Amino acid sequence: MRQIIAEVLIIDDILISDALIQEQFVCNLNACLGACCWEGDWGAPLEKEELQTLEDIYPAVRPFLIPEGIAVLEEKGLYVWYEEADNYGTPLLENGACAYLTYDKRGIAKCGIEKASEAGAVSFQKPISCHLYPVRAKEEPAAGFRALNYDRWDICSAACSLGRELQVPVYQFVKDALVRKYGMAFYEQLDAAAREHYGKADEE
């Protein structure tokens, strides 16, 4: 079921900010160097099932991590509880970067878990919160509340500029992550809403 109330789209009881359709976004790593991996007050949010996944895959992921990250993960744990965020998240290095962070030869930040996945060492790509970014998913199952919002952050200004240049709405940029979390049927409904009510659609 799909319906639009004011500026909120509802699909399968998930509240979706229309900013996912109205705003444009394409990561520009050459400009930001992956700053979202080291900026912020706490690590990447983790879903409960991802905690065990990290425990299971860590031995295979470890060779892809930097020594500083390994030291923090083996001292603090593979995930930590952030009281302010009321959620588990990835641990941080002393400089505030995610402990799973790595760098390529150009100095661009990349998730070590994702590098392990690309190498075929693990099947888990990376935490879904990272995959969805700049979309943030908030879920309160006990209250029957789920929502998707666009997280505007000044460090992503280059991504907003590139998105406008290429005319790629936020929801299209995170298509793979949305399909991974909610399924293709959900994404197709979202795309249909974009086409019918906002004049935008994924042409792939």
Just one listed residue, out of A60, A71, A85, is assigned to a loop (DSSP other than H, G, I, E, B) and at negative phi, and it is A85
Taking the condition of a type in the set (D, E), surrounded by fewer than 19 Cβ atoms within 10 Å (Cβ to Cβ) and more than 20 Å from the chain's Cα centre (by Cα), does E83 pass?
yes
Counting only residues that are more than 15 Å from E165 (Cβ to Cβ) and not aliphatic (A, V, I, L, M), which one in region 12-31 is nearest to the chain's Cα centre (by Cα)?
S17
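Could you look through region 97-118, keep only residues that are acidic (D, E) and part of a helix (DSSP H, G or I), and pick out the one that is surrounded by the fewest Cβ atoms within 10 Å (Cβ to Cβ)? Spell out the reasoning first.
The initial filter retains those residues of region 97-118 that are acidic (D, E), namely 104, 114, 118.
Checking which are part of a helix (DSSP H, G or I) leaves us with 114, 118.
On the way: E114: 20, E118: 13.
The extreme case among them is E118.
Can you name the residue in region 25-59 that is of a type in the set (S, T, N, Q) and modelled with pLDDT of 95 or more and is also surrounded by the most Cβ atoms within 10 Å (Cβ to Cβ) among such residues? Steps first, answer last, please.
Going residue by residue through region 25-59, those that are of a type in the set (S, T, N, Q) are 28, 30, 52-53.
Then drop every residue that is not modelled with pLDDT of 95 or more, which leaves 52-53.
On the way: Q52: 10, T53: 17.
Selected residue: T53.
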Does Q167 meet the test of being surrounded by 21 or more Cβ atoms within 10 Å (Cβ to Cβ) and either under 21 Å from D191 (Cα atoms) or touching a residue at least 60 places away in the same chain (Cβ under 8 Å) (or both)?
no
Could you tell me which numbered condition G43 fails, if it satisfies all but one of (1) touching a residue at least 24 places away in the same chain (Cβ under 8 Å); (2) in a loop (DSSP other than H, G, I, E, B); (3) farther than 27 Å from Y182 by Cα; (4) not hydroxyl-bearing (S, T, Y)?
(3)
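For (1) in contact with a Pro (Cβ under 7 Å, 6 or more places away or on another chain); (2) touching a residue at least 60 places away in the same chain (Cβ under 8 Å); (3) within 20 Å of P67 (Cβ to Cβ); (4) among the β-branched types (V, I, T), each residue gets a yes or a no:
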| site | (1), (2), (3), (4) |
| --- | --- |
| L92 | no, no, yes, no |
| C98 | no, yes, yes, no |
| Y103 | no, no, yes, no |
| G107 | no, yes, yes, no |
| K110 | no, yes, yes, no |
| I113 | no, no, yes, yes |
| S117 | no, no, no, no |
| Q125 | no, no, no, no |
| S129 | yes, yes, no, no |
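Could you go through region 60-74 and let me know if any residue there is touching a Pro at 6+ places or on another chain (Cβ under 8 Å) and either among the charged types (D, E, K, R) or crowded, with 19+ Cβ neighbours inside 10 Å (or both). Full working, then the answer.
From region 60-74, those touching a Pro at 6+ places or on another chain (Cβ under 8 Å) are 72-73; that's our starting set.
Keeping just the survivors that are either among the charged types (D, E, K, R) or crowded, with 19+ Cβ neighbours inside 10 Å (or both) gives 72-73.
Looking for residues that are touching a Pro at 6+ places or on another chain (Cβ under 8 Å) and either among the charged types (D, E, K, R) or crowded, with 19+ Cβ neighbours inside 10 Å (or both), one finds at least one in region 60-74, hence yes.
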Does A60 satisfy the criteria of being in contact (Cβ under 8 Å) with a residue 40 or more places away in the chain, more than 20 Å from the chain's Cα centre (by Cα) and either closer than 11 Å to Y100 by Cβ or assigned by TED's automatic domain parsing to the domain that holds C98 (or both)?
yes
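The values are calculated or read from the model by the stated rules, or taken from the named source; none is laboratory data. Computed from a predicted model, the values in this text were never measured in an experiment. All Cβ positions, glycine included, derive from the backbone under ideal geometry; neighbour counts span all protein chains shown.
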